[in-house]
1. Given the criterion of a type in the set (Asp, Glu), under 22 Å from GLY152 (Cα atoms) and not in a helix (DSSP H, G or I), identify the matching residue among ASP41, ASP21.
2. For the range 57-79, state whether one or more residues are among the hydroxyl-bearing types (Ser, Thr, Tyr), in contact with a strand residue (DSSP E or B) (Cβ under 9 Å, 6 or more places away or on another chain), surrounded by 13 or more Cβ atoms within 10 Å (Cβ to Cβ) and part of a strand (DSSP E or B).
3. Which residue, of ARG28, ARG52, is within 21 Å of VAL215 (Cβ to Cβ), out of contact with any Cys (no Cβ under 7 Å at 6 or more places or on another chain) and open to solvent by 40 Å² or more (accessible area, probe 1.4 Å)?
4. Being open to solvent by 40 Å² or more (accessible area, probe 1.4 Å), modelled with pLDDT under 95 and among the small types (Gly, Ala, Ser): is that true of ALA164 here?
5. Any residue at all in the range 132-147 that's under 27 Å from GLY79 (Cα atoms) and in contact with a Lys or Arg (Cβ under 7 Å, 6 or more places away or on another chain)?
6. On the basis of being modelled with pLDDT under 95, outside any helix (DSSP H, G or I), out of contact with any strand residue (DSSP E or B) (no Cβ under 6 Å at 6 or more places or on another chain) and under 18 Å from LEU207 (Cα atoms), does GLY92 make the cut?
7. Six or more apart or on different chains, Cβ atoms under 8 Å: show the pairs whose first residue is in the range 159-174 and in contact (Cβ under 8 Å) with a residue 24 or more places away in the chain and whose second is open to solvent by 40 Å² or more (accessible area, probe 1.4 Å) and in a helix (DSSP H, G or I).
8. How many residues does the range 174-194 contain that are surrounded by fewer than 16 Cβ atoms within 10 Å (Cβ to Cβ) and under 20 Å from ASN6 (Cα atoms)?
Amino acid sequence: MSVLDNPVWAALSGPHAGHADRYGRSARYDPEVSPFAAVDDPADESAWDDLRTLIGPGNRALLAGPGLTPPPGWVSDGGVPGVQLVGTDDAGAVDPSAEPLGETDLPEILDLVARTRPGPFRKRTIELGVYAGIRRDGVLVAMAGERMRVPGYTEISAVCTDPAYRGAGLAGRLVAHVAAGIRGRGEVPFLHAAADNVGAVRLYRRLGFSPRTEVRFMSATAA
C-alpha cells in the first residue's frame, strides 16, 4: 500500500506526528491546525472504535482517502468525490514574484480564505508547511501552500485567488512555485481536487500533475 492511499494517517503517524492527537490506531490533527482525522486501516472496525474514543461520541471527524466507508455506529454525510494528482518530473517552477507568507501575514491569509473558500483552513494551518502569495498594490490576492506531508511527498493546498484577479494565471504560478520548493527538498508534490472541479483538474494536469486515484472527502459522526 502506498502512503498516498491513506495520506492523513501517513502524515499524522510520520512527518506531522508533532501535530497529532492519537489513540490506538487513530489520530487527528490539533483542531486549530486542521480538521482532518484518520485510522490506520479504514477496513478495520476496531480502528474506527479507537477513533470514536479519540474524538468522543457525538463528535465529527473529517476524513480523506480512497474508498472510505464508515462501519456501523457512524453516521456519514456521504462525502464529496475527489481526485488525487501527483506531480511528474515536469511539475515545478520558481516564480520570483511569489512572496513567502508567515505568522505576520495571518490576518490577510484568513481574509483571503474567507472570501475564496479553498477548503478546510484553520488559524494555525500555516504551521504545516511553506506558504507563498502574490500581492497587487500591497494586497494579498493569491496564495498556495503545503498541507499534508507524508514520507517522500508533500501536498499542495489552500490554492486560492481573489475573484477580482482570477483568469490571470496566479494560481498556476503559485502551485508551480510551491511544487518547485517541494522538489528542492527531494520530495514529490501531490494535491487533491474535487472531482467536479474540471477547471482545477485541467490546470493541474497542464502544470505537470497526473491523476493517481479517486478519493473521497467525508465527514463522519461517531454515534
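The values are calculated or read from the model by the stated rules, or taken from the named source; none is laboratory data. Predicted model, so just to flag it, every value in this text is computed and none were measured. Here the Cβ is made from the backbone with ideal geometry for all residues, glycine too, and neighbour counts use every protein chain on show. These accessible areas exclude ligands, DNA and RNA; they are computed on the full protein's heavy atoms, side chains included. Shrake-Rupley method; radii C 1.70, N 1.55, O 1.52, S 1.80 Å.
1. ASP41
2. Step one: list which residues in the range 57-79 are among the hydroxyl-bearing types (Ser, Thr, Tyr), which gives 69, 76.
In the following step, the residues that additionally are in contact with a strand residue (DSSP E or B) (Cβ under 9 Å, 6 or more places away or on another chain) were identified as 69, 76.
From what's left, surrounded by 13 or more Cβ atoms within 10 Å (Cβ to Cβ): 76.
Now drop any that are not part of a strand (DSSP E or B), which leaves 76.
Yes, because at least one residue in the range 57-79 is among the hydroxyl-bearing types (Ser, Thr, Tyr), in contact with a strand residue (DSSP E or B) (Cβ under 9 Å, 6 or more places away or on another chain), surrounded by 13 or more Cβ atoms within 10 Å (Cβ to Cβ) and part of a strand (DSSP E or B).
3. Values: ARG52 fails: within 21 Å of VAL215 (Cβ to Cβ).
Sole residue among the options that is within 21 Å of VAL215 (Cβ to Cβ), out of contact with any Cys (no Cβ under 7 Å at 6 or more places or on another chain) and open to solvent by 40 Å² or more (accessible area, probe 1.4 Å): ARG28.
4. Numbers: open to solvent by 40 Å² or more (accessible area, probe 1.4 Å): yes; modelled with pLDDT under 95: no; among the small types (Gly, Ala, Ser): yes.
So ALA164 does not fit the description; no.
5. Filtering the range 132-147 for residues under 27 Å from GLY79 (Cα atoms) gives 143-147.
Add one more test, that the residue is in contact with a Lys or Arg (Cβ under 7 Å, 6 or more places away or on another chain), and what stays is none.
No: the range 132-147 contains no residue that is under 27 Å from GLY79 (Cα atoms) and in contact with a Lys or Arg (Cβ under 7 Å, 6 or more places away or on another chain).
6. Values: modelled with pLDDT under 95: yes; outside any helix (DSSP H, G or I): yes; out of contact with any strand residue (DSSP E or B) (no Cβ under 6 Å at 6 or more places or on another chain): yes; under 18 Å from LEU207 (Cα atoms): yes.
For GLY92, the condition - modelled with pLDDT under 95, outside any helix (DSSP H, G or I), out of contact with any strand residue (DSSP E or B) (no Cβ under 6 Å at 6 or more places or on another chain) and under 18 Å from LEU207 (Cα atoms) - is met.
7. The qualifying pairs are ASP162/ARG115; PRO163/ARG115; GLY172/ARG206.
8. So in the range 174-194, the residues surrounded by fewer than 16 Cβ atoms within 10 Å (Cβ to Cβ) come out as 184-186, 194.
Keeping just the survivors that are under 20 Å from ASN6 (Cα atoms) gives 194.
The total comes to 1.
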